[in-house]
Amino acid sequence: MDHSLRELYQEVILDHSRHPRHFGVLENATHKAEGYNPLCGDKVNVMLVLDKDGKVADIQFTGKGCAISQASASMMTEMLAGRTLAEAQKLMEGFIHLVKGEEAPGLSPDDREHLDVMAGLSEFPMRVKCATLAWHTFSNAIEEGAAS
Amino acid sequence: MTAQTKIASAFDAAKARADFPILSRQVHGKPLVYLDSGASAQKPNVVLDCMRDFAATDYANVHRGVHYLSGAATDAYEAARRTVQKFVNAAHEDEVIFTKGGTEAINLVSYSFLAPKIQPGDEIVLSVMEHHSNIVPWHFLRERQDAVLRWVDVRDDGSLDIEALDAAITSRTKLVAITHMSNVLGTVTPLKDIVARAHAKGVPVLADGCQGAVHEIVDVQALDIDFYALTGHKLYGPTGIGALYAKRSHLKEMRPFNGGGEMIREVTRDIVTYADPPARFEAGTPPILEAVGLAAAMDYLNGFDRAAVRAHEQDLYAYARQAVGELNWIRVIGDAPGKGAIISFEAEGMHAHDIATILDREGVAVRAGHHCAQVLMERFGVASTTRASFGLYNSRADVDTLMTGLTKAREILAQGSIG
């Protein structure tokens, strides 16, 4: 069996894609955005509550797409809950470096370990955008998706 | 058995395969199994060599040149037009317009033929299995001129409901735009019947032949069709070249498409007058090398008994369809009688992109996604499918590798989720 395939589709990722965490509509969201990749049809909706201190108090997503896009969204929501925007931004930058196979010095050892399951993506450049869709959608929600 | 022998004697697929140099390469350390010809076909040596030879010996810009090479290039370009004319059996060579592909051919009809005729409320009839290239140019007319798109459904097996199509053609209909062969379902439409029914109501018909021209034998005179669009790169030819067949009577009254050199009769400070067809619709320096390459591809294809090529592709399809049909976790979309060699399917619990990634590691190239046919995806309630599409160079061994890859995808993606 192709080792890089086993690494890409390891149990943690398949588990996240089959049983996504933080999945569902967040009624009281302060920020939300829809992410869509028109090339493949992957969809991720990110909804979150940003509290007074600029922390992600709650975050949920809905979506439909390949295992990588849905697992990545699920892992992202798990990791972002409770973080400040500055921390979230750092995490996102680190993640994008990681899946592209680049050095990710900004990641704490804990985060690095947590995200390591996604490092196998660097062998699949055609699929990197599947994994980054949720993160870009989160970023859009913060920048342009404030509920009026 | 006798049928099998007969096919083998009429068309030697293994021999033809050797004409395509790319098919002997490896991908991820595995022999390439190319099952994405519906997106773009590979090119035989004769096409590659012909384009190189032409560029190396006879190339210059076409038309109006006085020097030797301009004459040689013009001869080659116009000979290519006659090759396309014969390929679709058009009555006249000036009924063939070179375009940069099938998409441009359809846009040309939309802009130059149909747009000037459209009044608000006028209707365009099209099927739900159209490629976006045969949808969006008509949406333009809906957006800009309040045309109405009338959609004709397919049956659950993917076949066209011809009675529904007939019923959709009314006194408001200005055009029927329909695929000759669906790029997702493989459905081949009964063009002759469609044209007869449309003409009975005075409505012209455009066929999107991007797939159909590759796998079916096209005779625009027998069909009596008004417009037939085709593309080069799916036909074992180069990218950047396609053609529109249009009846002379239509072309004569059609306004120009792009403006520029080649397409004029006279330009002054105050006025411009236009060249006759086909030049009127070929502004700018055309894709000369590519036209020559397209003609080489058509000659290559016509060098075979095309009925035997079709029989070979049908054999591959039947073989693949049976193998896929034995897997209860796969749902095939499109089973129309007489369909071409394309299989689109959904697999339980597995997304098309994940399947395609795993197949890729086995050297198998398939397409995954909506195949530029979102209306059709919606009709069948799927977001995306995996599609294997066959060309003349494919073999039963390719199908076997596909099946092995699918089983592997199931092992990887469904691990732990099935008992």
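The values are calculated or read from the model by the stated rules, or taken from the named source; none is laboratory data. Given the structure is predicted, the values throughout are model-derived calculations rather than measurements. Methodologically, a virtual Cβ is constructed for each residue, glycine included, from the backbone with ideal geometry; neighbour enumeration extends over all protein chains shown.
Computed values, structure above
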quantity: Listing of helices (runs of 4 or more DSSP H) fully contained in segment B:50-152 that carry 1 or more residues being within 28 Å of B:Phe20 (Cα to Cα) and of a type outside the set (Lys, Arg); calculated: B:68-88, B:102-108
quantity: Cross-chain or 6+ apart pairs with Cβ under 7 Å, segment B:89-113 first and closer than 15 Å to B:Met298 by Cβ, then among the β-branched types (Val, Ile, Thr) and part of a helix (DSSP H, G or I); calculated: B:Asn89/B:Val220; B:Ala90/B:Val220; B:Val96/B:Val84
quantity: Pick from segment B:301-324, criterion in contact (Cβ under 8 Å) with a residue 40 or more places away in the chain and charged (D, E, K, R), ranking: surrounded by the fewest Cβ atoms within 10 Å (Cβ to Cβ); calculated: B:Asp305
quantity: Elements of type helices (runs of 4 or more DSSP H) in segment B:190-287, at least 1 residues being exposed (fewer than 13 other Cβ atoms within 10 Å of the Cβ); calculated: B:191-200, B:220-223, B:248-253
quantity: Cβ-Cβ under 8 Å pairs, at least 6 apart or on other chains, segment B:122-136 side assigned by TED's automatic domain parsing to the domain that holds B:His199, far side among the aromatic types (Phe, Trp, Tyr) and assigned to a helix (DSSP H, G or I); calculated: B:Ile124/B:Trp138; B:Leu126/B:Trp138
quantity: Condition check for B:Leu327: surrounded by 17 or more Cβ atoms within 10 Å (Cβ to Cβ) and either among the aromatic types (Phe, Trp, Tyr) or on the phi < 0 side of the Ramachandran plot (or both); calculated: no
quantity: Given (1) more than 10 Å from chain A (Cβ to nearest Cβ); (2) touching a residue at least 60 places away in the same chain (Cβ under 8 Å); (3) assigned to a helix (DSSP H, G or I), number of the condition B:His371 does not satisfy; calculated: (3)
quantity: Residue in segment B:330-344 that is farthest from the chain's Cα centre (by Cα), counting only those that are surrounded by fewer than 21 Cβ atoms within 10 Å (Cβ to Cβ) and on the phi < 0 side of the Ramachandran plot; calculated: B:Ile330
quantity: In segment B:383-397, the residues that are over 17 Å from the mean Cα position of the chain (by Cα) and farther than 16 Å from B:Thr187 by Cβ; calculated: B:Ala383, B:Ser384, B:Thr386, B:Tyr393, B:Asn394, B:Ser395, B:Arg396, B:Ala397
quantity: Pick from segment A:1-10, criterion in a helix (DSSP H, G or I) and out of contact with any Gly (no Cβ under 6 Å at 6 or more places or on another chain), ranking: farthest from the other protein chains (Cβ to nearest Cβ); calculated: A:His3
